[in-house]
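This report refers to the structure that appears directly beneath it.
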Amino acid sequence: MKKDFLDLADAGAPALRAMLAEARRRKQARAGWTKGRADADAPLVGHTLAMIFEKNSTRTRVSFDMAMRQLGGTTIVMDAGSMQLGRGESIADTARVLSRYVDAIMIRTDDHAKVEELAAHATVPVINGLTDRSHPCQIMADLLTVIERKGAVEGTRWAWLGDGNNVLASIIEAGSLLGFEVAAACPEGYDPDPAIVAAARARAGNHPPLLTRDPGEAVRGADVVVTDTWISMGQAHAEAKLAAMTPYRVDEALMARADAGGLFLHCLPAHRGEEVTDAVIDGPRSAIWDEAENRLHAQKAVLLWCLGKLG
Ligand code: CP
Ligand code: NVA
């Protein structure tokens with residue numbers, strides 16, 4: 001059975017823990033090296049990853065490309081609009097063809113069903129590089145960052161502020177799989193996907209996700225405070241939404257209600273002055289640059305797991 005990485009639950013908790021340990025080990029082993037140098041064992045020599053982008057990207061595009069280089073492999077990066085996919089070739093046929101050329105496929109798209117269809121028809125592993133529903137690769141980097149700073153994710157408390165979006169969905173899933181609390185404060189009308197919440201509630205023994213309208217309740221005693229853009233890719237700019245989100249802006253007063261050692265995370269790109277103030281995102285509790293770097297290290301482990309090189 002090929003291993004796809006469409007959502008964190010596909011892998012399950014033991015595999016996620018193994019990936020996070022591998023990511024840490026590889027990161028430490030190459031400390032101080034030039035970024036383009038391959039890891040000593042170059043485990044993906046002879047392997048190529050194809051990447052399909054239907055939406056913009058800086059971090060996902062560059063970190064996957066460098067991840068493959070560091071593992072000894074190569075990449076092909078394609079914008080969906082310049083592929084035949086962009087003029088109507090089916091996802092299923094694209095999957096069948098690419099599977100004859102490359103060893104794995106990463107896709108960033110809008111409708112999650114497209115990723116599922118690609119995976120269903122590809123004979124090589126498929127990785128979700130963000131859909132409207134979820135962003136599992138981002139949360140692998142977030143988990144790695146929290147493990148580095150706090151020693152473990154188990155038993156921590158995470159607060160989410162703002163839009164109930166794709167990034168929050170993967171955090172909720174991670175909390176229920178790995179045993180940490182997630183308290184999400186979102187305004188009415190912008191709650192997280194009920195199916196994701198229900199699945200997490202069914203999974204989480206003592207830590208079901210908490211949904212609240214009160215930012216202060218969510219951040220109280222939090223070890224990790226997370227937010228994201230109020231308008232995600234593909235969404236129309238809407239003044240009504242921005243107005244509803246304003247009380248959920250992460251500023252110093254809100255951070256003061258988190259645990260004294262509480263970290264600030266943001267997947268980036270940030271809209272400074274909207275979902276977060278400069279004082280917080282540039283402040284001493286912000287871990288955003290480590291978080292961005294960790295996309296690279298976490299995805300190396302995801303690639304190794306997908307390609308059967310890890311457990
Ligand atoms: N965080 C993230 O996925 O960034 P990009 O959109 O730049 O890939
Ligand atoms: N929620 C954001 C994340 C960007 C990395 C979006 O989907 O645009």
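The values are calculated or read from the model by the stated rules, or taken from the named source; none is laboratory data. Computed from a predicted model, the values in this text were never measured in an experiment. Neighbour counts are summed over all protein chains in view; Cβ atoms, including those assigned to glycine, are modelled from backbone coordinates with ideal geometry. Each accessible area value is taken on the protein alone, full model and side chains, heavy atoms only, with ligands, DNA and RNA left out. Shrake-Rupley method; radii C 1.70, N 1.55, O 1.52, S 1.80 Å.
What is the magnitude of the charge dipole of region 58-195 about its Cα centre, with +1 placed on the Cβ of each Lys and Arg, -1 on the Cβ of each Asp and Glu, and no other charges, expressed in debye to the nearest 20?
560
Contact order normalised by length for the chain, with contacts defined as Cα pairs under 8 Å and 6 or more residues apart; what percent is it? All intermediate terms of the calculation are to be shown ahead of the outcome.
Details: 629 pairs, mean separation 62.2, N = 311.
Here the relative contact order equals 20 percent.
Any chance you could check the Cα centroid distance between region 230-265 and region 281-307 for me, in angstrom?
21
Report in % the part of the accessible area of the chain that belongs to carbon and sulfur, leaving out ligands and nucleic acids; probe 1.4 Å.
51
Gly81: net charge of surrounding residues, Cβ under 10 Å, Lys/Arg +1, Asp/Glu -1, itself excluded? Before the final figure, lay out each step's value.
Working: positive: Arg87; negative: Glu54, Asp79.
Overall, the nearby charge balance is -1.
Leaving out ligands and nucleic acids, note down the accessible area per residue over the chain with a 1.4 angstrom probe, in whole Å².
Averaged over the residues of the chain, the accessible area is 41 Å².
If we sort 9-16, 129-136 on the protection proxy, mean other Cβ atoms within 10 Å, highest first, what's the order?
129-136, 9-16
With unit charges on the beta carbon (Lys/Arg positive, Asp/Glu negative), name the residue among Leu210, Val62, Tyr190 whose Cα is farthest towards the positive pole of the charge dipole of the chain.
Val62
What are the lysines whose alpha-carbon lies under 23 Å from the alpha-carbon of Lys114, with same-chain residues fewer than 8 places away excluded?
Within the straight-line cut-off, Lys114 pairs with Lys2, Lys3, Lys55.
Mind checking the angle between helix 194-203 and the chain's longest principal axis? C-alpha axes, 0 to 90 degrees, to the nearest 10.
Between the helix axis and the principal axis of the chain, the angle is about 90 degrees.
Relative contact order (percent) for region 181-311, with alpha-carbon contacts under 8 angstrom and 6 or more residues of separation?
That works out to 23 percent.
Going by average Cβ density within 10 Å per residue, which order do the peptides 291-297, 208-214 take, highest to lowest?
Taking the mean over residues of other Cβ atoms within 10 Å, the ranking is 291-297, 208-214.
What size of dipole, in debye to the nearest 20, comes out for region 147-291 about its Cα centre when the only charges are +1 on Lys and Arg C-beta atoms and -1 on Asp and Glu C-beta atoms?
Its charge dipole is roughly 300 debye.
Using mean Cβ contacts within 10 Å as the protection proxy, how do 142-148, 223-229, 86-92, 278-284 order, highest first?
Listed from highest to lowest mean packing, they are 223-229, 142-148, 278-284, 86-92.
Quick query: amide H of Leu6 versus all other amide H atoms, modeled in the peptide plane; which residues come in under 5 Å with a sequence gap of 5 or more or a different chain?
Asn128
Which residue, Asn56, Asn128, Asn165, has the most motion in a Gaussian network model of the chain that connects Cα atoms within less than 10 Å?
Looking only at Asn56, Asn128, Asn165, the largest GNM fluctuation is found for Asn56.
Can you list the lysines whose alpha carbon is less than 27 Å from that of Lys150, not counting same-chain residues fewer than 8 positions off?
Those lysines meeting the cut-off are Lys27, Lys35, Lys300.
Short version: ³J(HN,Hα) in whole Hz for each residue of region 27-38, in order, from phi by Karplus 6.51 cos²θ - 1.76 cosθ + 1.60 (θ = phi - 60°), x for Gly and Pro, what are they?
4, 5, 5, 10, 4, x, 6, 5, 6, x, 6, 6
Say each of Thr212 and Ala238 gets a label point 7 Å from the Cα, pointing the same way as Cα to Cβ; how far apart are those two points in nm?
2.5
Normalising by the residue count of region 20-93, find the relative contact order in percent from Cα pairs under 8 Å and 6+ residues apart.
In percent, rounded to a whole number, it is 34.
Calculate how large, on average over all directions, the projected area of the Cα convex hull of the chain is; give the answer in nm² to one decimal.
Taking a quarter of the hull surface, the average projection is 15.4 nm².
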